[in-house]
Amino acid sequence: MAGSEFTSSSIGLTSTIPVEILFAAGLEPVDLNNLFIRSVRPEQLLIQAESAGFPHNICAWIKGIYSVVMNHGITKVIAVTGGDCSNTIALAEILSRKGVQVIRFDFPSNRGRYELTTQMQRLCRTFSVRWKDVEMSKKRLDRIRKKLGKLDTLTFQDNVVTGEENHRFLVGSSDFGSDPDKYEMELDVFFDELKKRQPRKNEIRLGFLGVPPIFGNLYGYIEAFGGRVVYNEVQRQFSMPFETTDIVEQYLRYTYPYGIEGRIADISQAIQERSLDGLIHYTQTFCFRQLYDIILRDVLPIPILTLEGDRPGSLDNRTAIRLETFLEMLKQKKGDFF
Ligand code: SF4
């Protein structure tokens, strides 16, 4: 793979961070997860990392990130070493020994305002960015974030957006495709397309919980079985659907890096507001976040199907059958619509 599409302004991200700071610095953030999963042959990237010594029982996303950094010649990476994944700590050290400049960012485990402000100010100093430029950058991105809120409403209220489309735009907001203007233009074109669509009716309304899926065709299967995802929990969080003028507040309200309570409140609200019939909790093989399944099943009031994915590719037959059975059960529960 060639690295020609990346410039000296490109900077890789292992997870969502305050990208407003990077755009204010004139940098082009690249979410390495998106780069991995959208590559032509993601499976090959895992084999490459395993050949470099990454064990089989390390999550595929970590291996994918390693390989894309190596293959694309990315020289700077921001590693989220607090509030995301402990594997990232060791990955950061491996990348650093390979000559990559690694900058750490830690979301504070206490969700403390002071601690998060300190992290953000440190990032500003690293890139010689003034706080007032970050605030300008926030205003620019907020305009797009507002449109993403509209896209989400068109998904669950107007029922004209598929779960996959919702996923694609929201997951892409972690780095705005490295080019917010282009990203916003694509969004506007998409809104135009939606004007021709009729609302969908009589379907099972689902919420998708957990990290974005590694399967390529999950949403297509769900729709083929009569369901539609009208709430993509973590992807929506990437889009920061919070109306606040305070950037620190924005990243304190972002639920993903902190404890489960914030996520439970967000999911519970979505169940009510979006009239969800059921939930799919996606878990990644070898990920510590699988344990949250115990709590989510304990507290959430509607049926949950837990799916586990390991490597990129199509949905395997067993998972497809479980999905179909779950949707059949929800259809029967819902009653006469079908
Ligand atoms: S899926 Fe889990 S183990 Fe893998 S990178 Fe994300 S948090 Fe870490």
Given (1) within 16 Å of the ligand (Cβ to nearest atom); (2) out of contact with any helix residue (DSSP H, G or I) (no Cβ under 6 Å at 6 or more places or on another chain), where does ILE65 come up short, assuming only one miss?
(2)
Can you pull out every residue in segment 44-59 that is in a helix (DSSP H, G or I) and either within 20 Å of VAL100 (Cβ to Cβ) or among the acidic types (Asp, Glu) (or both)?
LEU45, LEU46, GLN48, ALA49, GLU50, SER51
Search result, residues across segment 70-99 that are in a loop (DSSP other than H, G, I, E, B) and in contact (Cβ under 8 Å) with a residue 60 or more places away in the chain
GLY73, ILE74, THR75, GLY83, ASP84, CYS85, SER86
For segment 101-119, enumerate the residues that are without any contact (Cβ under 8 Å) to a residue 60 or more places away in the chain and part of a loop (DSSP other than H, G, I, E, B).
PRO108, ASN110, GLY112
Of (1) within 16 Å of the ligand (Cβ to nearest atom); (2) over 22 Å from ALA60 (Cβ atoms); (3) charged (D, E, K, R), GLU243 satisfies every one except (1)
Checking the structure you have, find out if any residue of segment 260-272 is over 16 Å from the mean Cα position of the chain (by Cα), within 28 Å of ASP106 (Cα to Cα), within 16 Å of the ligand (Cβ to nearest atom) and surrounded by fewer than 20 Cβ atoms within 10 Å (Cβ to Cβ).
yes
Please specify each residue of segment 163-210 satisfying the condition of being on the phi < 0 side of the Ramachandran plot, touching a strand residue (DSSP E or B) at 6+ places or on another chain (Cβ under 7 Å) and among the hydroxyl-bearing types (Ser, Thr, Tyr).
SER174
Just a yes or no: is a residue in segment 170-193 in contact with a Pro (Cβ under 9 Å, 6 or more places away or on another chain), outside any helix (DSSP H, G or I) and crowded, with 17+ Cβ neighbours inside 10 Å?
yes
Among residues belonging to segment 6-22 that are out of contact with any Pro (no Cβ under 7 Å at 6 or more places or on another chain) and within 20 Å of VAL248 (Cβ to Cβ), point out the one that is nearest to the ligand (Cβ to nearest atom).
SER15
Taking only segment 82-109 into account, find how many residues are at pLDDT below 95 and either more than 15 Å from the ligand (Cβ to nearest atom) or of a type in the set (A, V, I, L, M, F, W, C) (or both).
1
Among the residues of segment 275-301 satisfying the criterion of being within 26 Å of ASN87 (Cβ to Cβ) and of a type in the set (S, T, N, Q), which is nearest to the ligand (Cβ to nearest atom)?
GLN284
Filtering segment 40-62 for residues that are within 15 Å of the ligand (Cβ to nearest atom) and either hydroxyl-bearing (Ser, Thr, Tyr) or touching a strand residue (DSSP E or B) at 6+ places or on another chain (Cβ under 9 Å) (or both) leaves a count of 4
Considering GLU50, GLU20, which residue is modelled with pLDDT of 95 or more, acidic (Asp, Glu) and over 18 Å from the mean Cα position of the chain (by Cα)?
GLU50
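The values are calculated or read from the model by the stated rules, or taken from the named source; none is laboratory data. Everything quoted here is computed from the prediction, not taken from an experiment. So basically every Cβ, Gly included, is an ideal-geometry build from the backbone, and we count neighbours across all protein chains shown.
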